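Asks: I'd like to ask you about the structure that follows.
Only the coordinates and a few stated rules stand behind these numbers; no lab work does. These numbers were taken from a predicted model, which means no experiment stands behind them. Glycine also receives a Cβ, built like all others from the backbone with ideal geometry; neighbour counts cover every protein chain displayed.
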Amino acid sequence: MHRLTLSAILFSFGPVMTQAIAQNADTRPSVSLPPQTLQPQLQQMTDPPGYGQAAQQQSQPQSQHWNSRSAQDQQLPLIGADKLLESLDDLDRPLTPEQATAYGAAVQSNLPMTPEMIRDYRRRVDEAERAASEPPSGKEPRLVSDAIRMALKPESAVSVIATAPNTVSVVSFYDRTGKAWPVSSYVVGRADLFQVFALQEGSNKLSVSALKSHGYTNVIVSLVEESRPIILNLQTSQDTAIARRDITIEAYGPNAAVNPTTISEKVAPGDKVMMSFVQGTGLPHGAVQLNSSDSDTDVWAFKGDYYVRTSDTLISPSWSSVLTGPGGVHAYRIRQTPVALVSKNGTVERVRISN
């Protein structure tokens, strides 16, 4: 049996290989043995010269046939032909033409691409997926968080929630005492452009996400035990998106912590100075933060007064203005003093203030 050359392997993929095998089989001499006894058959099979000469005569036409096809077969554009030949050379035995044809067909069917082609294909897929995940503008929007106060009067300004595809904005509602105000129901103008969900039943939070790259609509929110609706405008933005917005409603909700101090507050909802100290961000120019002995109490000096931000109740000194924000955080405006008394979990504690 002869080891197949590269031209033989390549040629085995085409129909000419089948024809060549058939021609070779047709030209092979057919031997018809007459009936003989067992002993003459053994003598004929053990005759080395006759057997060797017969094998050599049969092998020459086949070898000449493969060599005559080698120049033409090397022109066939078969993928991985060199690798196929190397893998055949590693075998410990030669292959018949039928085996070579089956082997080549299996390689061509299961492994049609070379390793280089596979790496190039995966690189192109990775680039396409990366481009598809990027925003149309080519950059991710800047996420911001803020807090606003909203009155329920008809002439009140409508809050705008800017969001972007692939991001989620959360809107929370609180009453004027800082307690959570649960959402009763809501209606979205264009549900095909924006998706709005309540985070859970009885929650005061709504999640807003954009379904399209460009869109505009509004949402009407109804709060528990409040007949007046809240209207929010929703719009897409490529540059800036709201990650979190805390909305304090200038009314008392079902969970309001009502006390005489809270009821007597006189700060208007539009007092931006007090709102900035409640939030602890966006402070007015000239505000200087002071040292406080209580890590839960922040103090600033601004225009001759002290502004105290704490979740506890200020007892002394008396304050001239107070504003409560989301989460029950208070901002007090007091006169300058080195010591303040606060009620923390029913216990009066002294807070020392210094520059």
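Asks: If you place +1 on the Cβ of every Lys and Arg and -1 on the Cβ of every Asp and Glu, how big does the dipole about the Cα centre of region 142-249 come out, in debye to the nearest 20?
Replies: Dipole about the Cα centre, nearest 20: 140 debye.
Asks: Could you list HIS214, HIS285 in order of exposure, starting from the residue whose Cβ has the fewest other Cβ atoms within 10 Å?
Replies: In order of increasing Cβ crowding within 10 Å: HIS285, HIS214.
Asks: If each Cα of region 260-354 is one equal point scatterer, what is log10 of I(q)/I(0) from the Debye formula at q = 0.22 Å⁻¹?
Replies: So the normalised log intensities work out to -1.18.
Asks: Only Cα pairs under 8 Å and at least 6 apart count here; give the relative contact order of region 260-354 as a rounded whole percent.
Replies: Answer for region 260-354 is 26 percent.
Asks: Still on this model: Estimate the FRET efficiency between GLN289 and ARG244 by the formula 1/(1 + (r/R0)^6), using the beta-carbon distance for r and 30 Å for R0, to the nearest 0.05.
Replies: 0.80
Asks: Which value, in debye to the nearest 20, gives the size of the charge dipole of region 260-354 about its Cα centre, when Lys and Arg are +1 and Asp and Glu are -1 at the Cβ?
Replies: Once rounded to the nearest 20, the dipole reads 220 debye.
Asks: Using mean Cβ contacts within 10 Å as the protection proxy, how do 225-236, 121-132, 298-309 order, highest first?
Replies: In decreasing order of mean packing, 225-236, 121-132, 298-309 become 298-309, 225-236, 121-132.
Asks: Over 24 Å between Cα atoms: which of LYS212/LYS272; LYS179/LYS272; LYS139/LYS212 fall into that group?
Replies: Flagged as over cut-off: LYS212/LYS272.
Asks: Taking the Cα-to-Cβ direction at TYR121 and at ASN345 and moving 7 Å from each Cα, how far apart do the two end points lie in nm?
Replies: Distance between label points: 6.4 nm.
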